[in-house]
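Written out below as structure tokens is the structure these notes cover.
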């Protein structure tokens with residue numbers, strides 16, 4: 001089921017090609033790639049994809065509702081799924097513990113990718129650079145570390161729609177009020193100059209599986 005950790009990521013990091021390279025120890029997680037088609041992780045993938053679909057639908061609905069009503073400048077305060085609620089967990093079943101959107105070009109420093117996120121982002125980036133179709137879904141398994149529990153991560157690439165370009169389009173085409181507000185709120189913003197249907201980043205869902213479940217088998221003492 002498991003695939004070795006991606007050694008090809010190191011040259012990108014060493015070459016300094018990733019502006020978002022995480023140096024904070026808190027952003028360093030030990031992870032393993034997992035075959036997303038393996039039946040052993042079908043429940044994890046299904047739960048992750050369902051949550052990603054919900055997030056994507058909410059993003060579209062949110063932009064369609066807020067921007068026409070308030071305008072793009074005022075709408076910035078209400079966007080980005082600030083009120084997103086995670087689904088209630090069921091006893092003995094894998095549970096969604098976090099949802100994150102991240103990218104090689106982040107707007108909010110809080111969305112900076114950690115090293116496991118970067119590996120997923122670079123997998124997609126490399127496929128696109130080679131002219132290949134990127135994977136629709138990526139799955140990782142992360143070890144517990146410090147206060148961070150062991151978890152599964154399910155990633156899916158996202159692309160820009162026309163509505164996204166109101167705040168993420170070419171910097172010289174943004175409305176003056178929008179540009180000024182983004183500069184004030186996010187002075188290190190990198191998330192502009194996108195075109196329609198361009199790869200934007202990923203939605204990532206973190207999932208914790210209870211001990212003893214198929215996705216987290218109970219360890220036995222040798």
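What follows is calculated from the coordinates using simple rules that are stated; it is not laboratory data. Every value quoted in this text rests on a predicted model; they were computed, and no experiment measured them. Here the Cβ positions follow ideal geometry from the backbone for every residue, glycine too, while neighbour counts run over all protein chains shown.
See the values below:
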read-out: Extended-chain gain in nm, criterion 0.36 nm per residue less alpha-carbon gap, residue 137 and residue 42; value: 33.0 nm
read-out: FRET efficiency estimate (nearest 0.05) - Cβ-Cβ, residue 97 to residue 74, R0 30 angstrom; value: 0.40
read-out: Relative contact order of region 26-175, defined on C-alpha pairs under 8 angstrom at six or more residues apart (%); value: 31
read-out: Exposure proxy order (Cβ contacts within 10 Å, fewest to most) of 103, 147, 61; value: 147, 61, 103
read-out: Prolate/oblate/rounded label for region 29-205 (Cα gyration tensor, a/c 1.5); value: prolate
read-out: Per-residue Cβ neighbour rank within 10 angstrom, fewest leading, 173, 102; value: 173, 102
read-out: For region 33-77 versus region 150-177, the gap between their alpha-carbon centres in whole angstrom; value: 12
read-out: Share of alpha-carbon pairs per 5 Å distance bin for region 127-215, given as whole %; value: 3, 11, 16, 14, 14, 12, 13, 10, 5, 2, 1, 0
